[in-house]
Every structure is written in C-alpha cells, then in structure tokens.
Amino acid sequence: MDYRLQLVDEIITKYSGNGSAKKKGRPGYPLSIKRLTERHFPSHIPPTEKKREPTRRCIVCYMERDSKGKNIRKETRIWCRWCEKALCAAPCFERYNTVGILQ
C-alpha cells in the first residue's frame, strides 16, 4: 500500500503544472493523498499547559471565502488525531476525509 501511495505522489509531483506565475500571500495547507485512504476518527484537541480546552481554525472552512473574498475563520475543538488537522464536526470532517479536491 505504501508503495502505491509513494508512486501516486511521485506521478502527481512530476506531472503537476509548474506554472511560471507565482502566487502571492501565505502558502496554503498541504493536502496529503493519505487523508483519503486511511481511517479517521474525530476527537477533541488535547489540552496544553496553557489551555484546558484549546481551539484551532477549521482547515475546510478556512479554505472557503465569504462574499467579500476573505477567508472564513471558524474555531473548533474537534480534530483528526491521525491528520492532526482541526475540522468542524459536521460537515467538514467528513468532507475533508472523503472529497478528492476541496474547492
């Protein structure tokens, strides 16, 4: 299974469009193909020394834009322990782990 995933990653890297136009701004979140092949379960973000109930920005909501073209900021206490990505319980968790391209 790992060989297949490595092969897919190499093919995508080799044939992905390396356009000459550079994007401005902050780099996006890297999306791994493994997120579509493994079993993922939602859990609470573990507490830290400073925060008993920590929150993070939902990665799916943050990829979307509002009517003014700005990123949507939505805090959540749920994350995928395997991916270590913060996700809203519904529908973002299911969407992130099942949809091939998030647009």
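The values are calculated or read from the model by the stated rules, or taken from the named source; none is laboratory data. Everything quoted here is computed from the prediction, not taken from an experiment. Cβ placement follows ideal geometry from the backbone for every residue including glycine, while neighbour counts extend to all protein chains displayed.
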Any residue in the range 63-85 that's without any contact (Cβ under 8 Å) to a residue 60 or more places away in the chain and closer than 17 Å to Pro47 by Cα: show its pairings with residues that are charged (D, E, K, R) and surrounded by fewer than 10 Cβ atoms within 10 Å (Cβ to Cβ) at Cβ separation under 9 Å, as long as the two are six or more apart or on different chains.
-> Arg77/Glu53; Trp82/Arg39
Would you check if there is a residue in the range 43-64 being surrounded by fewer than 12 Cβ atoms within 10 Å (Cβ to Cβ) and at pLDDT below 85?
-> no
Just need a number here: residues in the range 49-88 that are in contact with a Pro (Cβ under 6 Å, 6 or more places away or on another chain) and in a loop (DSSP other than H, G, I, E, B).
-> 0
Is it true that Ala21 is of a type in the set (Gly, Ala, Ser), surrounded by 10 or more Cβ atoms within 10 Å (Cβ to Cβ) and at pLDDT below 85?
-> no
